[in-house]
Amino acid sequence: MSTVTTEATDATAVRPRPAEGPGPTRRRRWGAWVVVAVVAVLLAGLTAAVGGQRGADTRELDPRSPSASGAEALVRVLGQRGTAVDVVRSADRLGSGTVFVDDRQNALSAAVARRLARTAEHVVLVGGSGAVLDAFGLDAEPIATVGSGETVDTSDCPVPEVASTGSVTADGTSYRTTGGDVERCVPSGSGADRGWGIVRTTTAAGDVTLLGTTAALRNDTVTTAGNAALALGLLGGSDRLTWYVPTPGSADAAPTLGDLAPPWVPSAIALLALVAVAAGVWRGRRLGPLVVEPLPVVVRASETTEGRARLYARTRDRTHTLDTLRVAALRRIGSRLGLPRSAHVDEVVRAAARATGRRDTDVGAVLVGGTPDSDAALTAGVDALDELERAVAAATTGRRPAPTTRPTTTDLEHDT
């Protein structure tokens, strides 16, 4: 059973709070856990419902989405120009003509990528993991995200479909490539940060184009510069376009960490979680409820003051000691002369000089003078402070100054 000890600042004892019975405490504890569990379930359900409602509409480059980030406008134009668009999510339905692969979720497996490289005549790839890029023979890696809306001239691009557009928006992903057998277009950055928005290389069946400038496909930017011409040139070259969107968890998707883990791992994780919860409950019940014990203690301020004084004396910190007394004297003198607590030191010095009839320099030397280099200088500084305070008190009350005395314990209490 744990114990909490309280200290009183005066001689009055603290009455112990009556201990509650184990029954109501246990019921309240379980009730709180039930409330937390219900709130967590409700939040999880609400999140899943909102995600299910918005998932299909907010996905970028969705061929059926009219939103700004969708690609419905491009699909309609392709249909009007005689290119049928077939949206598929399984590799078994892939055609042999032009295949557009939207793999920004990195769900495509390297095996499916190698199959596409052998069978599809034209492949336009957006995204893709390192294994997928290697499977297509693309020596490229993403290095930056371009979002400035800058238009890049493409007239000297080695890819004919890109060169005919004149200019395109470079927004999207920039890739670094070092291979000599690739064609690069839409540059961005400079020096070591130089990247390319479009990279093309040959495959066993034809070619693959890595499209980083996805602004050419979006509804909100497809009509900017030559974006529409670029999209139609890359995707509208045949009568049929297969729009392939790999989904995580499908049969043709890349294996996840859960797929690679042994089958007993989920059970082991669940068992460890139950053990952790049980250990937490066990340790929490072992501590028991808190008990308040009365312990009346009177700590005099003089003890703290004397303790600090001994520390100053042991370290021979005369400057800190005298500065502490000076700051306290400034506050008391300013208060006695009717000055606010925010008054500047110079104001207090001038007011004290006027009240006592002394010069400003003499009063300033006492209140903000130099540092003492010996115990005698420290004692003289304290005596000067005491004499000045008595003179100010006499000037404000009309009484004669009292004899000079050493600082008392009460003075030190005020100083600290």
Taking every other residue with Cβ under 12 Å from the Cβ of Ala144 and scoring Lys and Arg +1, Asp and Glu -1, one gets -1
At 1.4 Å probe size, with the rest of the protein present, what percent of the exposed accessible area of region 108-147 is carbon and sulfur atoms? 49 percent
Please report the carbon-and-sulfur percent of the accessible area for region 311-368; probe 1.4 Å, protein heavy atoms only, DNA, RNA and ligands left out. 49 percent
Whole-Hz couplings from phi, Karplus 6.51/-1.76/1.60, listed for region 222-238; x for Gly and Pro: 5, 8, 7, 6, x, 4, 5, 5, 5, 4, 5, x, 7, 10, x, x, 9
What does the accessible area per residue of region 320-371 come to in Å², with a 1.4 Å probe and no ligands, DNA or RNA counted? 58 Å²
Whole angstrom only: what separates the Cα centroid of region 178-215 from the Cα centroid of region 331-374? 77 Å
Which of Thr145, Val168, Ala113 sits closest to the plus end of the dipole of region 77-185, meaning its Cα is farthest towards the positive end, when Lys and Arg get +1 and Asp and Glu get -1 on the C-beta? Ala113
Can you give the FRET efficiency for Ala131 and Val292, using 1/(1 + (r/R0)^6), R0 = 51 Å, r = Cβ-Cβ distance, to the nearest 0.05? 0.20
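The values are calculated or read from the model by the stated rules, or taken from the named source; none is laboratory data. The model shown is predicted, which means the values in this text are computed figures rather than measured ones. Because the Cβ atoms are built from the backbone with ideal geometry, glycine has one as well, and the counts that use them run over all protein chains shown. Note: accessible area is taken over every heavy atom of the protein model, side chains too, but ligands, DNA and RNA are not part of it. Shrake-Rupley method; radii C 1.70, N 1.55, O 1.52, S 1.80 Å.
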